[in-house]
1. Can you list the residues in the stretch B:153-195 whose accessible area drops by at least 40 Å² when all protein chains are present, compared with the chain alone? Use a 1.4 Å probe, heavy atoms only.
2. Among B:Tyr36, B:Val154, B:Leu182, whose Cα sits farthest toward the positive end of the charge dipole of the protein assembly as shown (+1 at Cβ of Lys/Arg, -1 at Cβ of Asp/Glu, about the Cα centre)?
3. Extending each Cα 7 Å along its Cβ direction at B:Tyr69 and A:Thr63, get the distance between those two points in nm, one decimal.
4. I need to check one value: relative contact order of chain A, counting alpha carbon pairs closer than 8 Å and at least 6 residues apart, in percent.
5. Spin-label point model (7 Å from Cα, Cβ direction): what's the B:Lys46 to B:Asn160 distance in nm?
6. Points 7 angstrom from Cα along the Cβ direction at B:Lys191 and A:Lys233: gap in nanometres?
7. I want the local charge near A:Asn94. Using Cβ-Cβ distances under 13 Å, sum +1 for each Lys or Arg and -1 for each Asp or Glu among the other residues.
8. For a 26 Å ceiling on Cα separation, which of these pairs sit above it: B:Lys45/B:Lys98; A:Lys40/A:Lys77; A:Lys11/A:Lys150; A:Lys31/A:Lys75; A:Lys83/B:Lys218?
Number of protein chains: 2
Amino acid sequence: MNYGIILASGKGTRVKDGNNLPKQFRLINNKPIIIYTLLKFLKIKKFDLIYVCVAEEYLDYTTKLIDNYIENKSKIKITCGGKERIDTITNAINAIIKDNGCGNDDIVVIHDAVRPFVTDKILIDSIEGAKKYNAVVCAIPMVDTLLFSKNKNVVEQIPNRDYYYKGQAPDSFKLPVFVELLNKLSKEERKNVTGTSQICTMNNYPIHMIEGDEQNFKITTKSDFILAESMIKGSDIQ
Amino acid sequence: MNYGIILASGKGTRVKDGNNLPKQFRLINNKPIIIYTLLKFLKIKKFDLIYVCVAEEYLDYTTKLIDNYIENKSKIKITCGGKERIDTITNAINAIIKDNGCGNDDIVVIHDAVRPFVTDKILIDSIEGAKKYNAVVCAIPMVDTLLFSKNKNVVEQIPNRDYYYKGQAPDSFKLPVFVELLNKLSKEERKNVTGTSQICTMNNYPIHMIEGDEQNFKITTKSDFILAESMIKGSDIQ
């Protein structure tokens, strides 16, 4: 089985415009961002089930949203997120295993609700990549000048940016491999995890990169919203 | 004396829309990008002269543009760019010294024409920073997940992004210090320089960071144009 996991339990409302709805529920062109993302997953027939993880207080809200915007809901499951990203992921994995067991060849593709421009290619490459390599992350080359400074003051080094990539989402895994990696994390490590792919590197487990896309950006700031709006309204973005 | 240097000799036409004009000359809301950038510098009274560096074939074109869009041109000098960024910078420095000599306290603030959203604060901090520290670069904290991979395949490390910054422009220097650093570069080093601040790190010369701004982005792709257009048309970007 191939599972999509859409993380949507963030409460970030960094876009300051008097609207207190978390970003993933904000409307762009009359449709919530999370719905765009969910529709991208639903389009890929290789996904058997898609778990949408939201904060407890948004469970009903999300159920209603999905009822409103999506006709065929048979592949969608809504689960309750946790306090931190790692807790939300753990809850989703537990829900999947409780519902369906844990097959050796099962794949989880873990994505952010606020990256609605994920492409078909990325989703398919994620499934295929996880089948082949057990663990993959979607990444794009670093194009900015990188400055290294531990003292936050003087540039100590300008690393060769050819060796650096920007990690996007999704991160994708063979389910039993991922469960093992999750279980191996110490309490301290769990506390320090900031991203999904770190669950691999903390365990010295190799995670392969698959090719991301500039389009697959995370909607965070107001300028991201403006860009997202232009994209959704049909601009041909390079 | 405080000099602004606006680098505009790039011939990049990466935005594919049948328009072959280099990016810095493209119109946004009926005004070329380079004019927005130049106006930002002209607004700062601390600048005594502003050197605009363009490719030879655009010298006349730029002169006419400036005639068309800018009333008081007394502070503007147009100079001829070189083959690579480092050559353009060298030409600008030579032009400044030829015209005005090289004072111990002279400052050069070196900026990209395609970063029209540079703020007053950044420009003033650049002048003051260069006076205090001799060499400063404008930088913002890294917010993306950083992946390190030499083999372009497997993630070897997820560096702590707290130690990494994205370098923007301007880079600013005491003029005589910068001239010395430039002259010290070997032929090989000159060939390998990709950014201005590297001229310091190649010489093991400390370059301090001043606080940049997300707004001060480089217009490169079509999505950058869309965002720039929204910003110029008056959107309140966070």
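1. B:Asn153, B:Val154, B:Val155, B:Ile158, B:Tyr163, B:Tyr164, B:Tyr165, B:Lys166, B:Gly167
2. B:Tyr36
3. If labels sit at B:Tyr69 and A:Thr63, their model points lie 5.7 nm apart.
4. Working: 416 pairs, mean separation 54.6, N = 238.
In percent, rounded to a whole number, it is 23.
5. Simple spin-label model gives 3.3 nm for this pair.
6. 4.9
7. My count for the surroundings of A:Asn94 gives 0.
8. Values: B:Lys45/B:Lys98 23 Å; A:Lys40/A:Lys77 15 Å; A:Lys11/A:Lys150 30 Å; A:Lys31/A:Lys75 20 Å; A:Lys83/B:Lys218 36 Å.
Those over the limit are A:Lys11/A:Lys150; A:Lys83/B:Lys218.
The values are calculated or read from the model by the stated rules, or taken from the named source; none is laboratory data. Model, not experiment: these values are computed from the prediction. Positions of Cβ are generated from backbone atoms using ideal geometry, with glycine treated the same way; all protein chains shown enter the neighbour counts. When the accessible area is computed, the model is the full protein with side chains, heavy atoms only, and any ligands, DNA or RNA have been set aside. Shrake-Rupley method; radii C 1.70, N 1.55, O 1.52, S 1.80 Å.
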